[in-house]
1. If you take the accessible area of A alone, add that of B alone, and subtract the area of the pair, what total do you get in Å², probe 1.4 Å, to the nearest 100?
2. Roughly how many Å² of residue A:18 are accessible to a 1.4 Å probe, to the nearest 10?
3. Quick one: how many Å² of residue B:61 are accessible to a 1.4 Å probe, rounded to 10?
4. Provide an ascending nm list, one decimal, of label-point separations from residue A:172 to the equivalent residue in each further copy; define each label point as 7 Å from Cα along Cα→Cβ.
5. What Kirkwood radius, in Å to one decimal, follows from the Cα pairs of the protein assembly as shown?
6. Starting from the Cα of residue B:196, draw a straight line to each of the lysines and keep only those under 19 Å, dropping any in the same chain fewer than 8 residues away.
7. Write down the percent of antiparallel bridges among all DSSP beta bridges whose residues are both part of the stretch A:1-142, to the nearest 5.
8. Show me the GluC sites (Glu not before Pro) within the stretch B:124-179 that DSSP assigns to loop and that have at most 13 other Cβ atoms within 10 Å of their Cβ.
2 protein chains.
Amino acid sequence: MNVGVLVSGSGTNLQSLIDRARRGELGPARIAVVGSNVPDCAALARARAAGLPTFVVDHRDYSARAGFDRALMTGLRAHQTDLVVLAGFMRVLGEEMLGSFPGRIINIHPALLPAFAGVRAQRQAYEAGVKVSGCTVHYVDGGVDTGPIIAQAAVLVHEEDDEETLRARILAEEHRLLPAVVRAIAERRVVIEDRKVRILGLSPSGESLRSL
Amino acid sequence: MNVGVLVSGSGTNLQSLIDRARRGELGPARIAVVGSNVPDCAALARARAAGLPTFVVDHRDYSARAGFDRALMTGLRAHQTDLVVLAGFMRVLGEEMLGSFPGRIINIHPALLPAFAGVRAQRQAYEAGVKVSGCTVHYVDGGVDTGPIIAQAAVLVHEEDDEETLRARILAEEHRLLPAVVRAIAERRVVIEDRKVRILGLSPSGESLRSL
């Protein structure tokens, strides 16, 4: 299964995927291409350092989303992308892109959705004073962080936390959860029924992927 | 510290408080009185079986919330209540009651607030397909499940769960979390600053009360 990873920032989730792939831990998934809307982001440097093909579609070059989307699709299709992974990709995708990869775009979000959707989720959680937060891998639909939830991991908020320490603790779980989901999808163990996602072949306890 | 517990249903959270009190695990807190708006609920039977004073304020006898609230306040004050614990109490409290026990009313909610506020939280979570849910103890303010969060416990949703098995797993955490918070409040280890709650004297890791 060819995975196209879209990035905008530092690329630590991309790095986690690269590292797992090198250790043979992504199952039948391979990273086929890395695309970004930010020409000089650190994530692209990570991709190049790993010898991965990259492409850039700078959103500032497009006046309408449809054109931006089509350029992304071209970059992904050039490498026979089967699964699109948004790993810190900070642009909302349009209908054309969603329709082009139906049920094959996933995103990692740094909160326990449906709580704290949108940007700065860690700050939202910190300022809300929650004692438990976490991260979510979900299918992407037309809304902002509203698609079917595939897997989640909980993270305890510590009394001495500030926004940054909470962000770091959540990020460590992201690095674990996203590759596990990519592998499960590549192994065709993820099924969706009526917006509810089931992962087949988990441990007898039936716990979901967050316990991997 | 005299605790007044308000109940409407089966009273398993009340029973957990009763059991902990008997084992000397509520610290300086004692259950002073149990009040209910449902005359024949099982929770009242549990209270009587434990030899606790009880009172009933049937909301159907009151045309306005203020009168209902005042009757509750009378029942609680008759036993010198310092802290009001809503343990499955299914009525929203009015301003008079909130003003009468400022910062001294807490509630247990079967979800990780701010997600799934309101009634049937477990069903909301189950139908949303989340992989992590839990419970929350929070201070009560004028909104529905919107007050400052004191403690939370996470619960994993299992692949084979239905609404009832999820409800039971969350309930087991409620039974642990609520007495721990009552004890911490009675020991004056719970402080609130700018709607954010801190619990003093926790383990060096600084994790919040859910790890007790």
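1. Values: alone 10130 and 10150 Å², together 17720 Å².
Buried area (both sides, nearest 100 Å²): 2600 Å².
2. Estimated to the nearest 10 Å², residue A:18 gives 10 Å².
3. 120
4. Spelled out, the distances from residue A:172's label point are 2.6 nm.
5. On the way: mean 1/r = 0.0429 Å⁻¹.
Taking the inverse mean of 1/r over all distinct Cα pairs, the protein assembly as shown comes out at 23.3 Å.
6. Straight-distance partners of residue B:196: A:131.
7. On the way: 4 of 20 bridges.
Among the beta bridges of the stretch A:1-142, antiparallel pairing accounts for roughly 20 percent.
8. Details: sites: B:127, B:159, B:160, B:163, B:164, B:173, B:174; in loops: B:159, B:160.
When the GluC sites (Glu not before Pro) of the stretch B:124-179 are filtered for loop state and at most 13 Cβ neighbours within 10 Å, B:160 remain.
The values are calculated or read from the model by the stated rules, or taken from the named source; none is laboratory data. Only a predicted model underlies this, so the values are computations on that prediction, with no experimental measurement involved. We place every Cβ from the backbone using ideal geometry, glycine too, and count neighbours over all the protein chains shown. The area values use the complete protein model at the heavy-atom level, side chains included, leaving out ligands, DNA and RNA. Shrake-Rupley method; radii C 1.70, N 1.55, O 1.52, S 1.80 Å.
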